[in-house]
Amino acid sequence: MPATDLSTNIPDDFVVDIHDLAAIILDAHAQTEPIFAHSQLREVYRGDGTLATFSEHFLDPLWHSLAFDPTQKRVAYILENDTTSERVTLDTFASPKGVKTPGGRELTRRELEVVYWRCKDYDNGYVLSHVAQQVFDRLPPTATLRARTSTKHEILCRPSDVAVGEIDIRPKEACLIVTIEPRPESGPSAVNMQQHLSGFTDSTSWVFLVIGKAQSINMDADSRVVLDLTLPQIGGRGGGGELFALERTIVYHHQVLARVADEFEGYKLSGKLNPSPEHSHRRQRADALVELVMARLARVAAGDDHFCRYCGKDGVETRCSKCKKAYFCPPCQALGWKYHKVWCS
């Protein structure tokens with residue numbers, strides 16, 4: 001049977017809240033992300049003291065190259081894979097064997113969330129931006145995009161008023177993610193190991209979406225809003241503590257992104273993200289995510305909006321005690337309040 005076009009279930013006058021959409025996209029992404037699906041956190045390591053999980057000399061040479069660079073921070077996350085287990089969620093991300101940390105203290109939920117999303121967002125900037133762009137393209141052209149930021153800035157525009165921004169950055173903290181998978185058939189200490197690096201080179205290409213009509217080449221006067229779906233990959237959060245950034249352009253560049261990365265001069269804007277043929281796997285994954293997100297949006301348009309406004313999880317029953325409208329998972333209420341209080345009514 002042919003696939004159903006879920007965009008036909010969305011009214012022509014539907015108003016899409018970009019903040020809510022971002023949470024839904026990331027929830028769908030977390031449920032389908034393939035690299036760290038069964039990985040649990042065993043250790044957080046910053047190069048001080050002894051690596052507990054295995055010998056430090058097994059780490060990628062680029063890790064050691066920053067050991068004596070006072071201008072660059074570094075962090076390594078050691079994860080253990082168990083492909084026989086269910087997909088890991090934030091609630092099951094900490095290994096039941098315990099998590100070794102600097103100073104030996106237990107990670108808070110927010111700190112654990114930082115590690116979880118640095119892993120989940122790894123190398124997914126193009127995929128998630130492409131997903132959001134494809135969702136906008138699937139909306140009725142008369143639908144309205146509503147972007148509300150943590151600084152109480154709001155814009156309304158059409159789905160066609162979206163551009164792609166790309167800039168070269170250098171993260172202020174390099175991150176090494178190591179996954180190990182025991183191989184008992186080869187010996188009690190044998191493991192498969194994979195290492196994923198970000199921020200270890202002089203520059204990284206960074207992609208985001210710019211929402212709204214251009215009004216001025218002067219950033220101070222430009223009302224457009226940046227949607228950055230993978231900022232936690234480099235240790236960042238939105239201005240309201242979100243797991244993404246949705247901020248006016250000047251705030252995004254000068255305050256939000258600037259906390260975690262140095263930008264190189266200038267950035268380019270383009271109309272569309274088009275994954276190249278050698279990245280067909282990215283397109284396939286993005287297309288599958290678009291279908292999941294469109295299904296969720298169709299349900300929201302039909303009035304089934306029981307999703308957490310912070311993490312995007314569906315089927316939530318707890319509402320904000322003040323506005324009685326927005327839903328939050330109990331653990332997300334405090335984490336989402338900094339942003340929600342700006343627009344709670």
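Using the reciprocal of the averaged 1/r over all distinct C-alpha pairs, how large is the Kirkwood radius of region 51-99 in Å?
On the way: mean 1/r = 0.0742 Å⁻¹.
One decimal place: 13.5 Å for the Kirkwood radius.
Take the chain, connect every pair of alpha-carbon atoms lying under 10 Å apart with a spring to form a Gaussian network, then pick out the residue of E265, E181, E43 with the largest mean-square fluctuation.
Of the options given, E265 has the highest mean-square fluctuation.
Separation of region 315-345 and region 35-93 by C-alpha centroid, Å?
Comparing the Cα centres of region 315-345 and region 35-93, I get a distance of 33 Å.
In the chain, how does Rg compare with the Kirkwood Rh, expressed as the Rg/Rh ratio over alpha carbon atoms? Before the final figure, lay out the partial values.
Working: Rg = 20.5 Å, Rh = 21.2 Å.
Taking Rh as the inverse mean 1/r over Cα pairs, Rg/Rh reads 0.97.
Rolling a 1.4 angstrom probe over the protein chains, ignoring ligands and nucleic acids, what is the accessible area of R183 in square angstrom, nearest 10?
Here the residue's solvent-accessible area equals roughly 80 Å².
Only bridges whose two residues both fall in region 77-197 count here: according to DSSP, what percent of them are antiparallel, nearest 5? All intermediate terms of the calculation are to be shown ahead of the outcome.
Working: 11 of 15 bridges.
Roughly 75 percent of the beta bridges in region 77-197 run antiparallel, per DSSP.
Quickly estimate the mean residue ellipticity at 222 nm for the chain, helices only: each DSSP H run with n ≥ 4 gives -39500 (n - 2.57), and the total goes over all residues, rounded to 500. List each step's numbers first, then the result.
Numbers: 6 runs with 80 residues, N = 345.
Dividing the helical sum by the residues of the chain leaves -7500 deg cm²/dmol.
Just how far, in whole angstrom, is region 280-307 from region 205-234 if you go by their alpha carbon centroids?
If we compute the Cα centre of each part, the gap is 23 Å.
Out of Q284, Q333, Q31, any idea which swings most in a Gaussian network model of the chain, alpha carbons joined below 10 Å?
Result for the chain, Cα springs under 10 Å: Q284 fluctuates most.
Which value, in Å², gives the accessible area per residue of region 15-305 when a 1.4 Å probe is used on the protein heavy atoms? Spell out each step's value before the answer.
Values: 13070 Å² over 291 residues.
It amounts to 45 Å² per residue over region 15-305.
With every protein chain kept in the model, how would you rank V207, V300 by accessible area, 1.4 Å probe, largest at the top? Present the calculation step by step, with values, prior to reporting the outcome.
Numbers: V207 5, V300 35 Å².
Highest to lowest solvent-accessible surface, that is V300, V207.
How much solvent-accessible surface does D91 expose, in Å² to the nearest 10, with a 1.4 Å probe and all protein chains in place?
Number for this one is 110 Å².
Looking only at the chain, where both bridge partners belong to it, what percent of the DSSP beta bridges are antiparallel (to the nearest 5)? Show your work: numbers first, answer last.
Working: 41 of 55 bridges.
Percentage antiparallel, nearest 5: 75.
Under 10 Å, Cα contacts only: if you run a Gaussian network model on the chain, which one of F54, F36, F244 comes out with the highest mean-square fluctuation?
Comparing F54, F36, F244 in the GNM, the peak value goes to F54.
The values are calculated or read from the model by the stated rules, or taken from the named source; none is laboratory data. Since the model is a prediction, treat every value here as computed from it, not as a measurement. The area values use the complete protein model at the heavy-atom level, side chains included, leaving out ligands, DNA and RNA. Shrake-Rupley method; radii C 1.70, N 1.55, O 1.52, S 1.80 Å.
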